[in-house]
Every structure is written in structure tokens, then in C-alpha cells.
1. Considering only segment 82-135, state which residues are touching a residue at least 40 places away in the same chain (Cβ under 8 Å) and among the hydroxyl-bearing types (Ser, Thr, Tyr).
2. If a residue has to be within 18 Å of the chain's Cα centre (by Cα) and either closer than 14 Å to Ile114 by Cα or of a type in the set (Lys, Arg) (or both) to count, how many in segment 124-134 make the cut?
3. Between a residue in segment 182-195 that is assigned to a helix (DSSP H, G or I) and modelled with pLDDT of 95 or more and any residue that is among the charged types (D, E, K, R) and surrounded by fewer than 18 Cβ atoms within 10 Å (Cβ to Cβ), which pairs come within a Cβ distance under 6 Å, given they are 6 or more apart or on different chains?
4. If you go through segment 252-266 one residue at a time, do you hit one that is closer than 14 Å to Ser44 by Cα, among the charged types (D, E, K, R) and out of contact with any helix residue (DSSP H, G or I) (no Cβ under 8 Å at 6 or more places or on another chain)?
5. If you check Lys166 against the conditions, is it surrounded by fewer than 22 Cβ atoms within 10 Å (Cβ to Cβ) and closer than 30 Å to Asn217 by Cβ?
6. Looking for whichever is surrounded by fewer than 22 Cβ atoms within 10 Å (Cβ to Cβ), touching a Gly at 6+ places or on another chain (Cβ under 9 Å) and either in a helix (DSSP H, G or I) or modelled with pLDDT of 95 or more (or both) here; the options are Asp54, Asp92. Which one fits?
7. Looking only at segment 115-163, filter to residues that are among the small types (Gly, Ala, Ser) and outside any helix (DSSP H, G or I); which one of those is surrounded by the fewest Cβ atoms within 10 Å (Cβ to Cβ)?
Amino acid sequence: MKERSFNFIILMILIFSGKAEAAHQKTIVSADSLKNLGYTYYDSNPVKCIAYNDSAAQIYKQFNDNRNVALCFQNICFAYYEKLNNPQQAQDFAVKSINLWNLEQDTLAEANIIKYLGLIQSDLGLFREAKSNIKKAIFLFKSKGFKAGEAVSYRNLGLIYKQEHKLDSCIYYLNLNKKFFVSINQNKRVFGVNNDLLECYIDFNRMEEAENIFNSNNDILKEYQIYWQDKVNFYRISKSYFENLGNKELLDFYNLKYTYLKDSLSEQGIRVM
């Protein structure tokens, strides 16, 4: 009799634990769905992207799932910075994400968002902190032998020096980035940093060097499918390039290409900053 009672208790424990596990899995799936839904709204409705990621983060917190909470905070950070032009809020969520990656001892994920934090801080005028964070990211990437992470950090560092109007340092770090991606034949990445270099040379009236970069990107654009944001940037910067040269015909040409692409993206529900 005692044995039967004991077996019954064990059975009930197994049933309830199974139900609890099923409920747990269902809740996690719900959080995953919210996070993924947030991704789909990133370009078209960043406010919804933030709301869905925040809801997902609250669920993940219940299960101490720091990694997914950190990912949600990253997504919110990106939306605030890249889509809503709100660097202060972006900084707050970047720091929250960094703290969680540090807790998880995920060096690469931590370094990735630290280098991004540097860009955000430069927009807030916190240049010393920005450069310090990006140099920290470079150190962390080097500690793991992740050269692509180093290279992207160099680009971010170059952009900060550009904001400080320190041309030589800007070009030096942008070219460190470019050298790495040229070496591994990542022309789409080269296209992005070429945009930065082109804008830099135009700003400082170094038009011969600007011409070389413009021609290089024009060639890349003919051969590769370039990410829409980089293409928009190229058309926008090209307008400035030909305005600077006093070439009204090509200024109008690139203004038309820029406007057409921007309007086309808007019709698809994609916000262009």
C-alpha cells in the first residue's frame, strides 16, 4: 500500500513538472516570437521594434536568460540610434547590454557593443569616453584574435576623429579598416568605408583623392549588390562631390538617383535617415 502511494506521488510530481516545463517552453517561444517580430519592424516602424523587444526582454528576465535580454537591449539600442536619432536612449540600452554580456563572460559580444557605444558617445560629444571605449573593444577583439572586429572598430575610431575634425587620424584609421577588408576581398565592406573616406576628402577639399575613391565605389557598385543604406549614402555623398566640383549635370544626376532610391524605400515602409 505504501509503495503504491509512493508511486502515485512520484507520478504526480512527474506530471506537474512536465506541465511546468511545457509552460516554460511555451513562454520562451512567446518571447522568441516577440523578439523576432521586433526585427521585422526595425526598418519600417522602430517604435514597434523597441516595444516588442522590450516585452520579450521582460519575459526572458523571468527565466534569468541574460543572453536574450542582452540581445533585446542591443536591438533597442540600434533602433534608438540608427532609426530614431536618439543617442541618449541608445547609450542607456548599450550600457545595459554590455553589463549583461560581461556577466555572461561573452567577450566578443561585449566588445561588439562597446565599439558601438563609442559611436553613440561621439554623437553626444563625449569624444574622450568614445575613443576610450573603442580602444577597449579593440583590445578585447585582439585578445580573441578576431581581426574583423578590430577592423570595424578602426572604422568607428576614424569616424570619431572625423567629428573632431582631425583629418590625418581619421584617414589613418579608416584606411586600417579598408586594408583588412581589401585583403579578404570583402568589397561590400570596402564600399562602406570608401563612403566615409569620400566624405572626408570632400570636407577637407582633397578632391584628387576624392576622385579616386568615387571611381572605386562606382566600379564596386556595378559589380555587387550593395546594401541599400550604403547605396543611399553613396548617392548622397556623390551629390556633395559634384556640387563641390561645380558639375551641375552630374549633381542633378545623383540627386535624381538619391531621391528615387529614397522614395522607393519609403514606399516599402523603410525609414531612411
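The values are calculated or read from the model by the stated rules, or taken from the named source; none is laboratory data. It should be emphasised that the depicted structure is a prediction, and the values quoted were computed from it without experimental measurement. FYI the Cβ positions are ideal-geometry reconstructions off the backbone, even for glycines, and counts take in every protein chain you see.
1. Tyr116, Ser122
2. Quick first cut of segment 124-134, residues within 18 Å of the chain's Cα centre (by Cα) only: 124, 130-131, 133-134.
Then drop every residue that is not either closer than 14 Å to Ile114 by Cα or of a type in the set (Lys, Arg) (or both), which leaves 130-131, 133-134.
Counting residues in segment 124-134 that are within 18 Å of the chain's Cα centre (by Cα) and either closer than 14 Å to Ile114 by Cα or of a type in the set (Lys, Arg) (or both) gives 4.
3. As it stands, the answer is none, since no pair meets every condition given.
4. Residues of segment 252-266 that are closer than 14 Å to Ser44 by Cα, as a first pass: 262-266.
Retained after the next criterion (residues that are among the charged types (D, E, K, R)): 262-263.
Pick out the ones that are also out of contact with any helix residue (DSSP H, G or I) (no Cβ under 8 Å at 6 or more places or on another chain) and you get 263.
Within segment 252-266 (the criterion being closer than 14 Å to Ser44 by Cα, among the charged types (D, E, K, R) and out of contact with any helix residue (DSSP H, G or I) (no Cβ under 8 Å at 6 or more places or on another chain)), the answer is yes, since at least one residue qualifies.
5. Details: surrounded by fewer than 22 Cβ atoms within 10 Å (Cβ to Cβ): yes; closer than 30 Å to Asn217 by Cβ: yes.
Yes.
6. Working: Asp92 fails: touching a Gly at 6+ places or on another chain (Cβ under 9 Å).
None of the other options fit; the residue is Asp54.
7. Going residue by residue through segment 115-163, those that are among the small types (Gly, Ala, Ser) are 118, 122, 125, 130, 132, 137, 143, 145, 148-149, 151, 153, 158.
Right, trim to outside any helix (DSSP H, G or I) and you get 125, 145.
Details: Gly125: 11, Gly145: 8.
Here the answer is Gly145.
Here's the yes/no breakdown for (1) under 15 Å from the mean Cα position of the chain (by Cα); (2) of a type outside the set (D, E, K, R):
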{"residue": "Tyr39", "(1), (2)": "yes, yes"}
{"residue": "Asn45", "(1), (2)": "no, yes"}
{"residue": "Lys48", "(1), (2)": "no, no"}
{"residue": "Asp54", "(1), (2)": "no, no"}
{"residue": "Ala70", "(1), (2)": "yes, yes"}
{"residue": "Asn85", "(1), (2)": "yes, yes"}
{"residue": "Ala111", "(1), (2)": "yes, yes"}
{"residue": "Lys115", "(1), (2)": "yes, no"}
